[in-house]
Amino acid sequence: MENSTSRKMWLNKVIARAHGRLYGLSLRKRESVTRKREMSKQAMRDETERLVKEALERKTLTVKQGKTRIDSKCRKCGALNRVSADQGQVRVPYTCKECGEEQRTF
């Protein structure tokens, strides 16, 4: 019984090596790919949440909420303008950098 089990394991390793050679994967890469697949989506979410909490506790990660940048196209000349808008603002007045037309973002 033990002999047949070890033979099956050996046969699986041989098949895996042949498969890796066929698709150009080294043994380590194949092992890492199979390890990554073993983690479920919920486990990945939990792991990400844990890592973020740890980073916040160590104070190495700072979360800032600041101005939003809007890329707006000039209605007169068609030039692209980058406009900074405060939080919560949607339509921000700006002057086109190319033609000087005063307008508001959409």
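Coordinate-derived values only; no laboratory data. If you're wondering where the values come from, they're calculated on a predicted model, not measured in any experiment. All Cβ positions, glycine included, derive from the backbone under ideal geometry; neighbour counts span all protein chains shown.
Assess whether V90 counts as being more than 30 Å from K53 (Cα to Cα) and surrounded by fewer than 11 Cβ atoms within 10 Å (Cβ to Cβ).
So V90 fits the description; yes.
Across the stretch 74-92, what is the number of residues that are among the aliphatic types (A, V, I, L, M) and farther than 10 Å from T105 by Cα?
Here the count works out to 2.
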